[in-house]
Amino acid sequence: MSGLFARRRKIADPAGGCGPGSVRLKLAPGPAKGQDPVMKRPETEDPPLRADARSWALVGALTTIWGSSFFLIAIALRGFAPLPLAAGRVSFAALALAGALVVTGVRFPRDRRAWGWCAALGAVGLAMPFTLLAFAQQTVPSGVAAIYIASVPLFLLALTRVVFRDTVRSRQWVGFVVGLGGIGWLAGPDALAGIAAGGAAGQAACLGAALCYASGALIVRAMPPIDPLSATAAAHVAAAAFLMPFGLAGLPEAVPAPEPLVALVALGVFQTGLAQFLRFVAIKRAGAVFVSIVGYLIPIWAGLLGVMFLGERLTAQAIGAYGLILTGILIARR
């Protein structure tokens, strides 16, 4: 659910992307003497993009892995409070991504300015939304949380207009309004009626997480050119540093049951760390536009897992709201 980097030119993709708050980057020309080669690497001829069977397999793998993250959060919450859960998730992900750097031969940034940007991204685009999602899923079904996160491109559309003064076409505004209607329908009057029970607070946390993912994409857009995998790993390390003190303070006194422990480790290593690496590979192979299909499939898989294994119920309201949000995104993309 934290997918934030790609390989192309640093251009906002406010109505699409390949995960929450995704933005395309282009590596800059070769470094001047004395510059960190991680910051600016020589530009080479891009291989042709291939939407072949292997690319579809990567899309399927990413959909399964990211869509399962909401299910695993629900399981991990049975043994951990939201802050320790978020801290453990991003810490295990940082270890997995550090291993990916070793495998690929890519290094962590060695420039202070690059680390500053990665730290900002880690705080806004990872630590905050991971914590908000964990808090939200104490009261919000996993399938509904996934639908809220699917609305990230709508927030990104509005934010790029406000922050970067990007031109937004009439069709994109129509898509934004349609999608916003879907969000309103998803919340519904039950959200206001459920304030005492925490239902409205959970839904507000979902919206806050979506807004954080979109804000993280804006940070990516403003960042100097940094190797995508290096920046992703550094951002997760920074997020782990931010959350670890709070996570350690909130650890349970007794050792949790095996299921929450396994869910937490899997959530960090596979659903966050491995998924980011696979996304990196998929975008290099098939392009960000092709991989953006994943964002539309995640709520479907998350909803199915919630119904089959968590006893959740997908209402007609949730399905209709997702249809409106998806329609709004598709209108805005055209």
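The values are calculated or read from the model by the stated rules, or taken from the named source; none is laboratory data. What you see is a predicted model, and the numbers here were worked out from it, not measured in a lab. Because the Cβ atoms are built from the backbone with ideal geometry, glycine has one as well, and the counts that use them run over all protein chains shown.
A few points about this structure:
- Any chance Thr327 is in contact with a helix residue (DSSP H, G or I) (Cβ under 7 Å, 6 or more places away or on another chain), under 26 Å from Leu101 (Cα atoms) and touching a residue at least 24 places away in the same chain (Cβ under 8 Å): no
- Here Val59 does not fit the description of being in contact (Cβ under 8 Å) with a residue 24 or more places away in the chain, assigned to a loop (DSSP other than H, G, I, E, B) and either of a type in the set (A, V, I, L, M, F, W, C) or under 21 Å from Phe277 (Cβ atoms) (or both).
- Members of region 307-329 found to be buried (at least 24 other Cβ atoms within 10 Å of the Cβ) and over 12 Å from Ile147 (Cα atoms), listed by number: Gly328, Ile329
- Condition check for Thr315: more than 27 Å from Phe176 (Cβ to Cβ) and polar (S, T, N, Q): no
- Candidate set: region 115-154, residues that are of a type in the set (Ser, Thr, Tyr) and crowded, with 24+ Cβ neighbours inside 10 Å; chosen: the one modelled with the highest pLDDT: Thr131
- Filter pass, Ala318 being more than 29 Å from Ala98 (Cβ to Cβ) and among the aliphatic types (A, V, I, L, M): yes
- Contact map, region 297-318: first residue on the phi > 0 side of the Ramachandran plot, second residue surrounded by fewer than 14 Cβ atoms within 10 Å (Cβ to Cβ) and assigned to a loop (DSSP other than H, G, I, E, B), Cβ cut-off under 6 Å, separation 6 or more or different chains; the map is empty.
- Residue tally, condition of a type in the set (Val, Ile, Thr) and without any contact (Cβ under 8 Å) to a residue 24 or more places away in the chain, over region 85-105: 2
- Of all the numbered requirements in (1) outside any helix (DSSP H, G or I); (2) in contact with a Cys (Cβ under 8 Å, 6 or more places away or on another chain), Tyr148 misses one, and that requirement is (1).
- Leading residue by the ranking (nearest to Ala210 (Cα to Cα)) among those in region 122-141 that are out of contact with any Ser or Thr (no Cβ under 9 Å at 6 or more places or on another chain) and part of a helix (DSSP H, G or I): Leu132
- When we screen Arg112, Arg169 for residues that are charged (D, E, K, R), within 30 Å of Leu267 (Cα to Cα) and either at pLDDT 95 or above or out of contact with any helix residue (DSSP H, G or I) (no Cβ under 8 Å at 6 or more places or on another chain) (or both), the only hit is Arg112.
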